[in-house]
1. Condition (residue is of a type in the set (D, E, K, R), open to solvent by 40 Å² or more (accessible area, probe 1.4 Å) and in contact (Cβ under 8 Å) with a residue 40 or more places away in the chain) applied to the stretch 180-192: is it met by at least one residue?
2. So, Arg272, is that one out of contact with any strand residue (DSSP E or B) (no Cβ under 9 Å at 6 or more places or on another chain) and at pLDDT below 90 or not?
3. Inside the stretch 65-94, can you point out the residues that are more than 28 Å from the chain's Cα centre (by Cα) and part of a strand (DSSP E or B)?
4. List pairs: first residue in the stretch 65-76 and on the phi > 0 side of the Ramachandran plot, second residue of a type in the set (Val, Ile, Thr) and surrounded by fewer than 21 Cβ atoms within 10 Å (Cβ to Cβ) anywhere in the structure, Cβ distance under 9 angstrom, at least six positions apart or on different chains.
5. Can you tell me which of Phe209, Phe250 is open to solvent by less than 40 Å² (accessible area, probe 1.4 Å), farther than 13 Å from Val176 by Cα and among the aromatic types (Phe, Trp, Tyr)?
6. Which count do you get for residues in the stretch 26-61 that are closer than 23 Å to Ser117 by Cα and crowded, with 16+ Cβ neighbours inside 10 Å?
7. Being part of a helix (DSSP H, G or I), within 38 Å of the chain's Cα centre (by Cα) and free of Cβ contacts under 8 Å to residues at least 12 places away in the same chain, is that true of even one residue in the stretch 247-262?
8. Which numbered condition trips up Glu226, out of (1) over 38 Å from the mean Cα position of the chain (by Cα); (2) closer than 18 Å to Leu189 by Cβ?
Amino acid sequence: MRARGGQPIAVAQVARPLDGVPVSSIQVGRCSARRSPGEAGQLWLMYVVGGEAIAADGAPRSRLSAGDLAIWPGDRAVSLHVPDSLHLLAMALPPERWAHLAGPAGEAPCLRIRHDSPIGPMLAGFFDGLGRQLPAIGDADGATAINMVQALVSRWLDGQRQHAAEPTRSRLLARVLDYADAHLGNADLTPKALAAAHGMSVRSLHLLFEREGLRVAQWIRDRRLERCRETLAQPDWQGRIIDLALQWGFNDPSHFSRAFRQRYGRAPRQARHSAGGTRWASR
């Protein structure tokens, strides 16, 4: 770490490898410093043991305080402004230690895990303990510690990716359900047709529904049955049951009758005769 003028900064440092991963406990006073790009493919982790700093890597600046964990690709330069003092625990994961944590494109994450995030207290306890034991930790325990770092970061990244994808999935599912609701009367509304209407594979459609505990074909069938039940519950309805079934996408009257009885515990004709305000729940 060097001052912006290029001069080295006086630091108090304890450094040693743990299972082949360089780990350093670094303490600096008030300064503005820049860490030059390191080896391509590395992933830098910097945990703030104490103090605070303003960090920037060309993106909007981030304020790092005690308990925060910052992660940067090693080939990026990082500037730090330390207003008072800063104690860091830093390590550089080589590509083989983190590449499996990245997304499909293999890009390194650039992020900050805050001390007040759900995983923050867990990280704080682990990294604070690691920093205290760094000079004396044995090789076997060092290997375990690095494995724990990978597991913690991997878990957090998975949660972030899932959280980021959730709004998109929710909006897509809402569009799919609205479309299906509007086309329930079409007997050709199948999972395959529904997937094609939204430019996705049938497998992707099933996964979209499964995340909400739903099954595509069952959801379509149940919505059609609900429409039929609502009509049969109207005391003044005078239509034919076979026409009602066809209206809501059931081409086989026998199949419709069996599905209705299974769903509501009575045949469609019985439901029609008891439409005088009686309530009955689905099974």
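The values are calculated or read from the model by the stated rules, or taken from the named source; none is laboratory data. For clarity, every value in this text was computed on a predicted model and none was experimentally measured. Glycine also receives a Cβ, built like all others from the backbone with ideal geometry; neighbour counts cover every protein chain displayed. We work out accessible area using only protein heavy atoms, side chains counted, and drop any ligands, DNA or RNA first. Shrake-Rupley method; radii C 1.70, N 1.55, O 1.52, S 1.80 Å.
1. Within the stretch 180-192, the first condition is being of a type in the set (D, E, K, R), and the residues that meet it are 181, 188, 192.
From what's left, open to solvent by 40 Å² or more (accessible area, probe 1.4 Å): 181, 188, 192.
Among the residues that remain, those that are also in contact (Cβ under 8 Å) with a residue 40 or more places away in the chain are: 181.
Within the stretch 180-192, one or more residues are of a type in the set (D, E, K, R), open to solvent by 40 Å² or more (accessible area, probe 1.4 Å) and in contact (Cβ under 8 Å) with a residue 40 or more places away in the chain.
2. Working: out of contact with any strand residue (DSSP E or B) (no Cβ under 9 Å at 6 or more places or on another chain): yes; at pLDDT below 90: yes.
Taking the combined requirement at face value, the residue satisfies it.
3. The answer is Ser79, Leu80, His81, Val82, Leu86, His87, Leu88.
4. Gly67/Val49
5. Answer to the check: Phe250.
6. Quick first cut of the stretch 26-61, residues closer than 23 Å to Ser117 by Cα only: 43-57, 59-61.
In the following step, the residues that additionally are crowded, with 16+ Cβ neighbours inside 10 Å were identified as 43-49, 51-53, 55, 57.
Residues that pass the stated criteria total 12.
7. Scanning the stretch 247-262 turns up no residue that is part of a helix (DSSP H, G or I), within 38 Å of the chain's Cα centre (by Cα) and free of Cβ contacts under 8 Å to residues at least 12 places away in the same chain.
8. Answer for Glu226: the failing condition is (1).
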